[in-house]
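One structure is given below, encoded as structure tokens.
The values are calculated or read from the model by the stated rules, or taken from the named source; none is laboratory data. Being a predicted model, the structure only gives us computed values, none of them experimental. Cβ sites come from the backbone with ideal geometry, for glycine too, and all protein chains shown count toward neighbours. In case anyone asks, the SASA skips ligands and DNA or RNA and just uses the protein heavy atoms, side chains included. Shrake-Rupley method; radii C 1.70, N 1.55, O 1.52, S 1.80 Å.
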Amino acid sequence: MQESDEPQLPAEATAVGGAAFDGLPGVADALGRALRDLRISVTDRCNFRCPYCMPAEIFGRDFAFLPHAQVLTLEEIARLAAVFAAIGARKLRITGGEPLVRRDLPVLVAQLAALRTPDGGPLDLTLTTNGSGLLPLAVPLAEAGLARITVSLDSLDDAVFGAMNGVDFPVSRVLDGIAAARSAGLAPIKINTVVRRGLNEASILPLARWARDEGLVLRFIEYMDVGHSNGWRLDDVVSADEILAVLGAAWPLEPLAADYRGEVAGRYRYLDGGGEVGVIASVTRPFCGDCTRARLAADGMLYTCLFAGSGLDLKTPLRAGASDGELAALIRATWSARADRYSELRSAATSRLPKIEMFALGG
Ligand code: SF4
């Protein structure tokens with residue numbers, strides 16, 4: 001039997017609870033939700049300045065991101081990911097900031113791709129990128145073991161896209177990156193589009209038409225009150241109902257069942273066989289009840305919600321020599337006590353609560 005270097009944790013470390021959620025072992029939170037998805041922010045840095053995440057007027061070119069010494073090394077990230085896998089995580093999503101600006105990312109991808117779940121299966125490894133650096137990296141990432149990828153693209157119109165990315169980055173270079181990902185064999189390729197009223201709602205149909213033609217899975221995301229810097233107003237939200245009405249008027253749709261419990265996107269099939277489209281509706285159709293996502297920030301903080309105001313520091317015990325079992329116990333204790341339901345409880349009062357900026361906790 002091949003000697004695995006994964007952390008052999010005491011039996012109680014893989015506590016029951018998750019099994020009640022979806023039949024798989026693992027830790028569950030105070031609302032019975034299993035820890036299944038780990039979003040790993042490998043950097044808080046980004047080369048874009050999307051107004052709904054990192055508005056340029058607040059996060060200028062000289063914004064002080066995390067100092068290098070405060071950022072987890074690739075080895076530290078891989079070790080923590082192994083601990084999360086041992087207590088129930090089944091999916092790893094590499095995020096940022098913009099993950100492709102992190103040097104040697106394929107090295108980390110190879111380490112994460114080698115991880116296994118307690119029953120020996122591979123983890124579902126994916127990555128979300130703004131696509132700006134995808135052209136040169138698609139092949140190295142695929143060769144390192146990345147199976148699939150999500151690219152954020154908020155419009156096909158250069159002027160609109162420029163306004164949505166805050167740095168006038170051209171659409172063509174993201175499209176080149178997507179083509180490179182396809183040639184590298186990354187599949188499926190999903191496209192995420194944040195829709196903000198007054199900025200890019202006119203891009204809904206052109207994007208949907210393009211994704212249908214390209215055979216890509218497009219998900220529209222309702223604009224969210226993440227962090228404290230994007231000046232969010234409910235009036236600027238284009239709701240799932242509105243988006244589906246626009247799509248349905250062009251191509252009749254029917255709802256699809258979720259692939260698994262905890263899936264974020266509401267999925268729809270084009271009746272004419274034009275593929276699938278999704279809507280991630282955190283504002284008008286909150287999905288906290290099945291939320292299985294933990295977030296590991298680049299500085300080693302564990303957050304249990306996208307709208308968290310505080311988290312658990314894993315870097316200090318890690319660097320102080322804590323064992324995998326001790327780290328697992330810390331994570332389990334935090335997750336077990338988790339009762340986050342921000343989107344279900346969203347109100348004027350909650351939007352004033354302290355919240356970590358989205359780019360700092362991995363989206
Ligand atoms: S608001 Fe928090 S608890 Fe609700 S779905 Fe989002 S991350 Fe999960």
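A few points about this structure:
- Per residue, the convex hull spanned by the alpha carbons of region 42-132 comes to 108 Å³.
- Estimated FRET transfer efficiency (Val107, Glu357; beta-carbon r; R0 30 Å; 0.05): 0.65
- Computed over region 268-319, the alpha-carbon pair-distance distribution with 10 angstrom bins reads 20, 31, 25, 16, 7, 1, each value a whole percent.
- Region 183-253 shape via C-alpha gyration tensor axes, a/c threshold 1.5: oblate
- Ordering Trp232, Trp335 by accessible surface, largest first, gives Trp232, Trp335; the 1.4 Å probe counts only protein heavy atoms, with every chain in place.
- Compactness ratio for region 291-361: Cα radius of gyration over 2.2 N^0.38 Å (N = residue count) comes to 1.20.
- Alpha carbon centroid spacing (whole Å) that separates region 18-45 from region 162-186: 31
- Taking the helices alone, the chain has a mean residue ellipticity at 222 nm of -8500 deg cm²/dmol, built from -39,500 (n - 2.57) per DSSP H run of at least 4 residues and averaged over all its residues.
- One Cα centroid belongs to region 262-300, the other to region 200-253; the line between them spans 13 Å.
- Only Cα sites of the chain enter the Debye sum here, all with the same form factor; the resulting log10 I(q)/I(0) across q = 0.06, 0.11, 0.15 1/Å is -0.21, -0.74, -1.46, listed in q order.
- Principal axis box of region 125-264, alpha-carbon based, largest edge first, Å: 44, 37, 29
- Available extension along the chain between His68 and Ala349 is 97.6 nm, counting 0.36 nm per residue and deducting the alpha carbon span.
- With every protein chain in place, the chain: carbon and sulfur % of accessible area (1.4 Å): 56
- Prolate/oblate/rounded call for region 87-200, Cα gyration tensor, a/c under 1.5 rounded: prolate
- Asp157 paired with Leu205, simple spin-label distance in nm, labels 7 Å along Cα-to-beta-carbon: 1.2
- Solvent-accessible surface of the chain, averaged per residue with a 1.4 angstrom probe and all protein chains in place: 41 square angstrom.
- Shown here: region 210-290, whose C-alpha atoms stretch 41, 28, 20 Å along the first, second and third principal axes, sorted largest to smallest.
- Amide H contacts for Ile221 (H built 1.01 Å from N in the peptide plane; partners 5 or more residues away or on another chain; cut-off under 5 Å): Thr193, Val194, Val195, Ile280.
- Peptides 352-359, 289-296, 46-53, ordered by how many other C-beta atoms sit within 10 Å of their residues on average, highest first, read 289-296, 46-53, 352-359.
- Listed peptides 151-157, 163-169 by packing density, highest first (mean Cβ within 10 Å): 151-157, 163-169
- Distant alpha-carbon pairs in region 11-163 (separation over 17 angstrom), percent: 66
- Residue-span extension gain [Asn47 to Ala250] - 0.36 nm each, minus C-alpha spacing: 69.6 nm
- Projected label distance in nm at Asp259 and Asp236, using a 7 Å step from Cα toward the beta-carbon: 3.1
- Rounded to the nearest 10 Å², the accessible area of Glu201 at probe 1.4 Å: 70
- If R0 is taken as 45 Å, the Cβ-Cβ distance between Leu271 and Arg116 corresponds to a FRET efficiency of 0.65.
- When the Cα atoms of region 17-82 are aligned to their principal axes, the ranges along those axes come out at 48, 29, 17 Å in descending order.
- Asp104, Asp299, ranked by accessible area, largest first (probe 1.4 Å): Asp104, Asp299
- Each residue was assigned an accessible area with a 1.4 Å probe, and for Ser132 the value is about 20 Å².
- Projecting label points 7 angstrom from Cα along Cα→Cβ for Asp213 and Ala322 puts them 5.1 nm apart.
- Karplus-derived 3J(HN,Hα), 6.51/-1.76/1.60, for each residue of region 46-54, Hz, glycine and proline x: 8, 9, 9, 9, 4, x, 8, 10, 9
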